[in-house]
Amino acid sequence: MALNLCHRSLTELIIIAEQKEKGNNCVCNSDTIKFYQFTLHYMFVLEICKLLEARNISKEANYASLYRLNIQVLESIGNDYKSSHDSINKELNEISESNLFKKIKDYRHKKLAHSDRNQEFGPLNFKGFSKNELKDCKLLLEKVTGLFNLCMSKYENEFHFPKISTTFGFLTNYEDYRSYAFLDYRKFLNWKTLNVSELK
């Protein structure tokens with residue numbers, strides 16, 4: 001589930017960033033989408049931390065941790081998995097020490113999960129990842145997904161993310177939706193006025 005939520009939230013963030021770059025700012029800069037962007041950052045950051053940290057803030061084992069999964073597979077398969085286990089752990093350590101993951105953890109501690117002291121002017125002023133950082137996050141998530149699939153390959157199983165999103169269509173067609181809604185609302189008012197007149 002953590003992996004699924006990471007993919008879904010990051011996909012949405014990338015769609016919004018691309019629409020902003022295309023100049024579709026009317027809806028992308030609305031309070032609704034800005035708040036949605038904040039919640040997407042919150043979801044991505046907290047879920048990727050679950051996957052990449054062996055222990056949570058109270059020092060207990062992280063249930064969604066890939067370190068934990070890797071150990072469980074080793075305990076289940078035995079020595080045949082030992083080289084894969086060591087290789088996966090090495091890659092997880094490298095990702096966990098990367099500058100990008102350090103920024104992700106900084107967002108978690110100072111801007112999102114524990115934001116009261118460090119977040120000025122509320123969530124709508126949260127800037128979040130730049131377009132290039134979103135690309136880096138996508139590459140990082142692809143690596144994490146690959147490591148998850150490597151663990152699960154011993155059970156002939158792997159993660160597939162369904163690429164379904166209505167956000168792209170909504171953002172690209174927003175002005176058309178708004179124009180149609182206005183016309184439809186006028187039709188409704190005309191219909192209502194006629195019906196009230198008939199009742200009288």
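The values are calculated or read from the model by the stated rules, or taken from the named source; none is laboratory data. Please read all numbers here as calculations on a predicted model, not as lab measurements. Virtual Cβ from ideal backbone geometry, glycine too; neighbours counted across all protein chains shown. Quick note on the areas: whole protein, heavy atoms, side chains included, nothing else; ligands and nucleic acids left out. Shrake-Rupley method; radii C 1.70, N 1.55, O 1.52, S 1.80 Å.
Condition test on Val73, is it under 21 Å from Leu134 (Cβ atoms) and either touching a helix residue (DSSP H, G or I) at 6+ places or on another chain (Cβ under 6 Å) or open to solvent by less than 40 Å² (accessible area, probe 1.4 Å) (or both)? Spelling it out, it is not the case that Val73 is under 21 Å from Leu134 (Cβ atoms) and either touching a helix residue (DSSP H, G or I) at 6+ places or on another chain (Cβ under 6 Å) or open to solvent by less than 40 Å² (accessible area, probe 1.4 Å) (or both).
Looking at Asn25, Asn29, Asn79, can you tell me which residue is open to solvent by 40 Å² or more (accessible area, probe 1.4 Å), among the polar types (S, T, N, Q) and closer than 24 Å to Leu150 by Cβ?
Asn79
Within region 6-22, the residues that satisfy the criterion of being closer than 22 Å to Phe101 by Cβ and not aliphatic (A, V, I, L, M) are Cys6, His7, Arg8, Ser9, Thr11, Glu12.
Tell me, which residue of region 1-60 that is of a type in the set (Phe, Trp, Tyr) and in contact (Cβ under 8 Å) with a residue 60 or more places away in the chain is farthest from Phe168 (Cα to Cα)?
Checked region 1-60; the qualifying residue farthest from Phe168 (Cα to Cα) is Tyr42.
Taking region 1-74 and the helices (runs of 4 or more DSSP H) fully enclosed by it, the elements with 3 or more residues that are modelled with pLDDT of 90 or more are at 2-21, 31-52. None of Lys90, Lys105, Lys110 is over 30 Å from Cys151 (Cβ atoms) and modelled with pLDDT of 70 or more except Lys110.
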